[in-house]
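To start, the structure itself, in structure tokens.
The values are calculated or read from the model by the stated rules, or taken from the named source; none is laboratory data. Nothing here was measured: the structure is a model prediction, and the numbers come from that model. Cβ placement follows ideal geometry from the backbone for every residue including glycine, while neighbour counts extend to all protein chains displayed.
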Amino acid sequence: MAKKTPFYDKHVAAGGKMVEFAGYELPVQFRGIIPEHRRVRSTVGVFDVSHMGRLEVSDGEAEPWLNHLTTNDVTALATNQAQYSVLCYPDGGIIDDLVVYRLADRFLLVVNGANSTRDFAWLRQHASPGVKLENVTEETAQLAVQGPKAEAVLARLSSVDLSAIAFYWSLEGEIAGVPALISRTGYTGEDGFELYFARENAAEVWDALFEAGRAEEIEPIGLGARDTLRMEMKYALYGNDIDQTTNPLEAGLGFVVKLDKPEGFVGDNALRRVNEERPRRRLVCLEMDGAGIPRPHHEIYAGAEKVGAVTSGTMSPSLNKGIALAYVARRHAKADSALEMDIRGRRLPATVVRPPFYKQGSRK
């Protein structure tokens, strides 16, 4: 039976169309995917992301332990700073992508909801005596407030100066009088914040946000628009664009793979080989040249040769054209490469473009 986030009743009251996702009952849409997408691009929207896993790591060996298990360099983090990173298997396949926060007295790992149980088990399997690992997912709530007006709305409720929080940094303070971790992060390409606070305060924070954002026509946003927004930015989705059969170098995540870490990390030898030999395929952005809406598993062709397949696809509400993320053979991965996509037996033209698809976001 699917679990409920602390905002379930708020979603139902707002007319959310509920579906099961990552083991939770979550809204796929409220007013509609396209208007919700455009609300985030134009003013501000609120996403319930409480299904995400939240794991805390503390004690003396936490830093070197995390640095060994993640691809990015944890030692480079200052207090209150966050970094995007990846957990890999020894063969370089991706266990999960995640955000790592260094806080004053602990590290916070924010992982994908569908993977949180598996991630926690993997971390426990590799536990060190000098590390304390706790799963705090069910006792905390998480909201993403996203859009060019997000700071203006949150400033009316925040005890801290939000303008002092740079991208991928955080501060501990209060939102509507509720203790919260406030981070300038998101998954939309727009400016915005993610809020972490105790589950029992969910309703009062939700109500305060919607009262504070009334002038900006703040709206709740569902999973559907979350997906179209992230796709326009080429943000990878675990289970679609990355998984244990893909590695971070072919997925375009080489910027968070620090192969020069002196102490190494799980998967580094395999990824070093991939780096030396160059990935055989690349995750690219494809725009349809005309009609056609890409969907996962649609095959990609160069002439008669099959060269790849779609991992994520949609009709972009911002660009009003079909867009896709797809793995294609490296020789066809350069920008402006002309390819064809098989959609229901028809070969339709598509072009590789430089990411992101949407280039006017308030936070790129």
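List every residue pair whose Cβ atoms lie under 8 Å apart, where the two residues are 6 or more positions apart in sequence or sit on different chains, the first residue falls within region 18-37 and is closer than 12 Å to ASP48 by Cα, and the second residue, located anywhere, is of a type in the set (A, V, I, L, M) and in a loop (DSSP other than H, G, I, E, B).
TYR24/ALA2; GLU25/ALA2; PRO27/ALA14
Give me the residue from region 260-279 that is within 29 Å of PHE357 (Cβ to Cβ) and either of a type in the set (A, V, I, L, M, F, W, C) or more than 25 Å from the chain's Cα centre (by Cα) (or both) and, out of that set, surrounded by the fewest Cβ atoms within 10 Å (Cβ to Cβ).
The extreme case among them is ARG278.
Go through (1) of a type outside the set (A, V, I, L, M); (2) in the same structural domain as GLU204 (by TED's automatic domain parsing); (3) under 26 Å from ALA198 (Cα atoms); (4) surrounded by fewer than 16 Cβ atoms within 10 Å (Cβ to Cβ) one by one and return the number of the condition GLY32 breaks.
(3)
Could you check region 335-346 and list, in sequence order, the residues that are under 14 Å from LEU286 (Cα atoms), charged (D, E, K, R) and either assigned to a strand (DSSP E or B) or in contact (Cβ under 8 Å) with a residue 24 or more places away in the chain (or both)?
Answer for region 335-346, where residues must be under 14 Å from LEU286 (Cα atoms), charged (D, E, K, R) and either assigned to a strand (DSSP E or B) or in contact (Cβ under 8 Å) with a residue 24 or more places away in the chain (or both): GLU340, ASP342.
For GLY290, which of the numbered conditions (1) surrounded by 15 or more Cβ atoms within 10 Å (Cβ to Cβ); (2) closer than 28 Å to GLY189 by Cα fails to hold?
Just one mismatch for GLY290, condition (1).
Any residue that is on the phi > 0 side of the Ramachandran plot, surrounded by fewer than 21 Cβ atoms within 10 Å (Cβ to Cβ) and not assigned by TED's automatic domain parsing to the domain that holds VAL44 - is there at least one of those in region 323-341?
Yes, region 323-341 has at least one match.
Give the residue, chosen from LEU195, LEU286, that is under 29 Å from PRO349 (Cα atoms), part of a strand (DSSP E or B) and in contact (Cβ under 8 Å) with a residue 24 or more places away in the chain.
After applying the criteria, what remains is LEU286.
How many residues, within region 245-277, are farther than 18 Å from TYR84 by Cα and assigned to a loop (DSSP other than H, G, I, E, B)?
The total comes to 3.
Pick from region 1-22 the residues that are part of a helix (DSSP H, G or I) and not acidic (Asp, Glu): which of them is surrounded by the fewest Cβ atoms within 10 Å (Cβ to Cβ)?
Ranking the qualifying residues of region 1-22, first place goes to ALA13.
Between a first residue in region 233-248 that is at positive phi and a second residue that is of a type in the set (A, V, I, L, M) and surrounded by fewer than 21 Cβ atoms within 10 Å (Cβ to Cβ), which pairs have beta carbons less than 7 Å apart while being 6 or more apart in sequence or on different chains?
GLY239/ALA114
Restricting to region 53-108, and then to whatever is part of a loop (DSSP other than H, G, I, E, B), in contact (Cβ under 8 Å) with a residue 40 or more places away in the chain and touching a Lys or Arg at 6+ places or on another chain (Cβ under 9 Å), can you tell me which residue is surrounded by the most Cβ atoms within 10 Å (Cβ to Cβ)?
Selected residue: THR71.
Inspect all residues belonging to region 290-306 and state whether any of them is in contact (Cβ under 8 Å) with a residue 12 or more places away in the chain, closer than 30 Å to ALA166 by Cα and either in contact with a helix residue (DSSP H, G or I) (Cβ under 9 Å, 6 or more places away or on another chain) or in a strand (DSSP E or B) (or both).
No, region 290-306 contains no residue that is in contact (Cβ under 8 Å) with a residue 12 or more places away in the chain, closer than 30 Å to ALA166 by Cα and either in contact with a helix residue (DSSP H, G or I) (Cβ under 9 Å, 6 or more places away or on another chain) or in a strand (DSSP E or B) (or both).
Report, by residue number, each residue of region 295-322 that is surrounded by fewer than 18 Cβ atoms within 10 Å (Cβ to Cβ) and of a type in the set (A, V, I, L, M, F, W, C).
Residues satisfying the conditions are ALA302, ALA304, ALA309, MET315, LEU319.
Out of the residues in region 221-248 that are touching a strand residue (DSSP E or B) at 6+ places or on another chain (Cβ under 9 Å) and aliphatic (A, V, I, L, M), state the one that is surrounded by the fewest Cβ atoms within 10 Å (Cβ to Cβ).
Applying the filter and picking the extreme gives LEU237.
Name the residues in region 100-115 that are within 25 Å of GLY60 (Cβ to Cβ) and in contact with an Asp or Glu (Cβ under 9 Å, 6 or more places away or on another chain), would you?
Correct list: ARG102, LEU103, ALA104, ARG106, PHE107, LEU108, LEU109, VAL110, VAL111.
List the residue pairs whose Cβ atoms are under 6 Å apart, where the first residue sits in region 38-50 and is closer than 19 Å to LYS359 by Cβ and in a loop (DSSP other than H, G, I, E, B), the second is modelled with pLDDT of 95 or more and among the aromatic types (Phe, Trp, Tyr), and the two are 6 or more positions apart or on different chains.
none
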